[in-house]
């Protein structure tokens, strides 16, 4: 196990957000991989609202096709800030937060 301090970039967007003909969350994750960031995870929310105040829900009677998406990416602050500056032009409607975290890497030893 490896331990170190790092930062968590959390990006909130809508499921329908697109960039270059692809879902924005997919494009962001692929860019994070290209930039060799430590890791990225996409979470699809059950319900939420953003700056426009409209509630998006996964309830059966109200099947929204624009559920909230949260993309979480961890790495060093400098890499997170650099990455964010590259992807910000693609985020037309959303929110990004950065917070300090303590990371623990669990990796299986090579056989």
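Each reported figure results from applying straightforward, stated rules to the coordinates on display, with no laboratory input. Computed from a predicted structure; not experimentally measured. Neighbour counts run over all protein chains shown; Cβ positions are idealised from the backbone, glycine included.
Numbers for the structure displayed
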| read-out | value |
| --- | --- |
| Sum of -39500 (n - 2.57) over DSSP H runs of 4+, divided by residues of the chain (222 nm, nearest 500) | -6000 deg cm²/dmol |
| With Cα atoms, 0 to 90° folded angle of helix 24-34 axis to the chain main axis | 10 |
| Label-to-label distance, nm, for residues given as residue 8 and residue 46 (7 Å Cα→Cβ offset) | 1.9 |
| Most fluctuating residue given options 94, 53, 39, as computed from a GNM of the chain linking Cα atoms under 10 Å | 53 |
| Correct choice for percent of Cα pairs over 18 Å apart that was computed from the model, options [x] 46; [y] 53; [z] 58 | [y] |
| Protection proxy ranking of 98-107, 26-35, 43-52 - average other beta-carbon atoms within 10 Å, highest first | 26-35, 43-52, 98-107 |
